[in-house]
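The values are calculated or read from the model by the stated rules, or taken from the named source; none is laboratory data. Note that the structure is predicted; figures quoted are calculated from it, not measured. Note that we place each Cβ from the backbone using ideal geometry, even for glycine, and neighbour counts take in every protein chain shown.
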Amino acid sequence: MLKNNYHTHMKYCNHAEGMVIDYVKEALRLGFLELGMSDHAPVLESFMSKEEYLNNYGYDTMKLSDVEDYLNQIKECQKKFSNIKIYSGFETEYLEEQKDFYLSLRKKVDYFNLGIHFFKDKNGNVLNCYTDLNYDNLDEYYLNAKKAIETKMYQAFVHPDLFMYGYKDKNGCHTFDEKCEEITRKIALLAIENNIYLEINANGLKYCKDKHDLNTWLYPYPKFWEIMKEYNVKIIVGADAHTIAALSNENVRLVYDFIKKSGINIEEKMVITNDFKC
Ligand SMILES: [Zn+2]
Ligand SMILES: [Zn+2]
């Protein structure tokens, strides 16, 4: 079971509960060795219309004015608790216009998770990954990930299979078609080339019809991870905790069962190499 988690949210992002210390105490109680704090980084309003900002959870990210408090709380916990390794981080979208802003944040923390919930396509339109992805635009999802990962700011690409949440094939049906397979293989190669981790996200299970029926899983999407087995890619499990209980809940257990049954090799620890922090 999970002993190191690098995907943790707090109340700063407006849709999670608890402060840094609450997660640290629970992680200690569970016997965790490492805990990475990765709340949703601010999305600057200036790069989107008000409507786009509202529709893409702009207000469900940390406020710029809370960044220092968040980082200070992590520092205090690092000082106070010596028997658990605590890392500072952010989960970010990748909007190219915000690159300098991301860089400024990246210098303040130990690592970044890339979590793409929305992005801009080549025409500047915002595509939402839960509702807007289909056969004709799935390449754009990959291209956004590629642009982000090639900045070398990221340690992990979390829920890389989130595109399967609402994907529509040529006929408008929710199937894992040849385009999904092509993108899956490209993501594997991208991760290997850039030496980053791909995350199997336990929190995604909250969206499926029946957690006990793999055929209903949206993400983690079983076929995506079956394909990943063919590659020498580094895979971790992330709780993506938005509540303290989610550090070790049924979703985490079911994801571990799936990994075991499928014979997927996972890394228990994420090696954090920090070339950015100053
Ligand atoms: Zn969240
Ligand atoms: Zn997350």
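Summary of computed values
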item: Members of the range 13-40 found to be crowded, with 19+ Cβ neighbours inside 10 Å and either part of a strand (DSSP E or B) or within 11 Å of ligand 1 (Cβ to nearest atom) (or both), listed by number; result: 13, 16, 35, 36, 37, 38, 39, 40
item: Residues of the range 150-187 that turn out to be in contact with a His (Cβ under 8 Å, 6 or more places away or on another chain), within 16 Å of ligand 2 (Cβ to nearest atom) and assigned to a loop (DSSP other than H, G, I, E, B), as a count; result: 1
item: Residue count for the range 170-202, restricted to those that are closer than 26 Å to residue 149 by Cβ, without any contact (Cβ under 8 Å) to a residue 60 or more places away in the chain and not aliphatic (A, V, I, L, M); result: 13
item: Residue check, residue 276 surrounded by 14 or more Cβ atoms within 10 Å (Cβ to Cβ) and in contact with a Lys or Arg (Cβ under 8 Å, 6 or more places away or on another chain); result: yes
item: Every residue from the range 144-174 that is of a type in the set (A, V, I, L, M, F, W, C) and over 17 Å from the mean Cα position of the chain (by Cα); result: 173
item: Residue in the range 8-18 that is out of contact with any Gly (no Cβ under 9 Å at 6 or more places or on another chain), away from ligand 2 (no atom under 13 Å from the Cβ) and among the hydroxyl-bearing types (Ser, Thr, Tyr) present; result: no
item: Scope the range 232-251; condition part of a helix (DSSP H, G or I) and within 16 Å of ligand 1 (Cβ to nearest atom); matching residues; result: 244, 245, 246, 247, 251
item: Any hit, the range 75-91, residues being touching a strand residue (DSSP E or B) at 6+ places or on another chain (Cβ under 7 Å) and in a helix (DSSP H, G or I); result: yes
item: Residues (assigned to a helix (DSSP H, G or I) and touching a strand residue (DSSP E or B) at 6+ places or on another chain (Cβ under 9 Å)) located in the range 211-231; result: 225, 228
item: Residue tally, condition more than 16 Å from ligand 2 (Cβ to nearest atom) and crowded, with 16+ Cβ neighbours inside 10 Å, over the range 224-261; result: 13
item: Among (1) aromatic (Phe, Trp, Tyr); (2) out of contact with any strand residue (DSSP E or B) (no Cβ under 8 Å at 6 or more places or on another chain); (3) outside any helix (DSSP H, G or I), the one test that residue 142 misses; result: (3)
item: Residues of the range 49-68 that turn out to be outside any loop (DSSP other than H, G, I, E, B) and in contact (Cβ under 8 Å) with a residue 12 or more places away in the chain, as a count; result: 8
item: Long-range neighbours under 7 Å by Cβ, at least six apart or interchain, first residue in contact (Cβ under 8 Å) with a residue 60 or more places away in the chain within the range 247-260, second part of a helix (DSSP H, G or I); result: 247/23; 247/26; 247/27; 252/202
item: Of all residues making up the range 255-278, the number that are of a type in the set (Phe, Trp, Tyr) and not in a loop (DSSP other than H, G, I, E, B); result: 2
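Matching residues to (1) among the acidic types (Asp, Glu); (2) modelled with pLDDT of 95 or more:
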{"residue": "22", "(1), (2)": "yes, yes"}
{"residue": "36", "(1), (2)": "no, yes"}
{"residue": "49", "(1), (2)": "no, no"}
{"residue": "63", "(1), (2)": "no, no"}
{"residue": "73", "(1), (2)": "no, yes"}
{"residue": "84", "(1), (2)": "no, yes"}
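Yes or no, residue by residue, for (1) of a type in the set (Lys, Arg); (2) in contact (Cβ under 8 Å) with a residue 60 or more places away in the chain; (3) closer than 29 Å to residue 34 by Cβ:
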residue: 76; (1), (2), (3): no, no, yes
residue: 93; (1), (2), (3): no, no, yes
residue: 117; (1), (2), (3): no, yes, yes
residue: 121; (1), (2), (3): no, no, no
residue: 134; (1), (2), (3): no, no, no
residue: 143; (1), (2), (3): no, no, no
residue: 146; (1), (2), (3): yes, no, yes
residue: 155; (1), (2), (3): no, yes, yes
